[in-house]
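Below is one structure, written out as structure tokens; comments come after it.
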Amino acid sequence: MKLLLVEDSERLRDNLSRGLRAEGFTVDVATDGVEATGYLAGFGYDLMILDLGLPRLDGFGVLRALPTGGTRPRVLVLSARDQVGDRIDALNAGADDYLVKPFAFEEVLARLHALARRPAEVQADVLEHAGVRLDPQAHRAWAEGTALNLTPREFALLELLLRHRGRVFARATILERIAGSESEASDRSIEVLVFGLRRKLADAGCASLIENRRGAGYLIP
Ligand code: CA
């Protein structure tokens, strides 16, 4: 899960980025609004934590500069401004959620996870990374130009990892996300599934796409 953290307070920025990285997020950090819009123009993010009071360009300016459509990150505003009017202004400007400082880190985490679970407005975008291309709508995938012959579960796993690049998925989470409640599925069957998908990717020339974090799970970094 790629996250852009926009905060001018150094202490808060360091604490949040450290905590979020420990939770498996891939975190980029911007210290003012202009820097934030630069990151947003150059990279794709799933989530953004945005302070409102920022040097050079404030949080509202960053919200106005957000791209529209499916590539837009979900935005959690963290602000010391605690008036109802501030919240309404931020939500109207495109924020998805609003949390008043001071806050508990656990609440930031819970809200980020809730935002990440919201269905994207546009799910049909073709996903592309490191030679792999996946078209969710056509239900087809390619590696280095070669069409991959994937089972439905292999396809779902590849889509999950590509859509949330940088996030480590535990076997139990993968089970829950793609195997549903089918009783024969187990941690072992996820290992077999990953093995099969990796082999097909390797045969097409993308051997090291999926990484294994021992004891934690799988990811596409
Ligand atoms: Ca600030």
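The values are calculated or read from the model by the stated rules, or taken from the named source; none is laboratory data. In this text the structure is predicted, and so the values were computed from the model without any measurement. Please note: Cβ atoms are built from the backbone with ideal geometry, for glycine as well, and neighbour counts cover all protein chains shown. We work out accessible area using only protein heavy atoms, side chains counted, and drop any ligands, DNA or RNA first. Shrake-Rupley method; radii C 1.70, N 1.55, O 1.52, S 1.80 Å.
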Inset, instruction - Might you check whether a residue that is assigned to a loop (DSSP other than H, G, I, E, B) and among the charged types (D, E, K, R) occurs anywhere in the range 56-65? - result: yes
Legend entry - Set Leu50, Leu63: member being within 16 Å of the ligand (Cβ to nearest atom) and under 10 Å from Val6 (Cβ atoms): Leu50
Inset, instruction - Answer yes or no: is there a residue in the range 97-109 that is surrounded by 12 or more Cβ atoms within 10 Å (Cβ to Cβ) and within 18 Å of Gly166 (Cα to Cα). - result: yes
Legend entry - Hits in the range 1-47 (condition: within 16 Å of the ligand (Cβ to nearest atom), part of a strand (DSSP E or B) and either touching a His at 6+ places or on another chain (Cβ under 6 Å) or open to solvent by less than 20 Å² (accessible area, probe 1.4 Å) (or both)): Leu4, Leu5, Val6, Ala30
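Give the residues of the range 66-104 that are polar (S, T, N, Q) and part of a strand (DSSP E or B), sorted by residue number. Outline the logic, then answer.
To start, the set of residues in the range 66-104 that are polar (S, T, N, Q) comprises 68, 71, 79, 83, 92.
Across the range 66-104, the qualifying residue is only Ser79.
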Inset, instruction - Could you figure out which of (1) surrounded by fewer than 18 Cβ atoms within 10 Å (Cβ to Cβ); (2) of a type in the set (Lys, Arg); (3) touching a helix residue (DSSP H, G or I) at 6+ places or on another chain (Cβ under 6 Å) isn't true of Arg74? - result: (1)
Inset, instruction - Would you please list the contacts, defined by Cβ atoms under 7 Å and residues six or more apart or on different chains, that run from a residue in the range 31-56 that is farther than 18 Å from Leu12 by Cα to a residue that is in a helix (DSSP H, G or I) and more than 16 Å from the ligand (Cβ to nearest atom)? - result: Asp46/Ala116
Legend entry - Test set (1) in contact (Cβ under 8 Å) with a residue 24 or more places away in the chain; (2) over 23 Å from Ala110 (Cα atoms) - Gly85 fails condition number: (1)
Legend entry - Selection count where residues are crowded, with 19+ Cβ neighbours inside 10 Å and either away from the ligand (no atom under 15 Å from the Cβ) or within 21 Å of the chain's Cα centre (by Cα) (or both), scope the range 77-96: 3
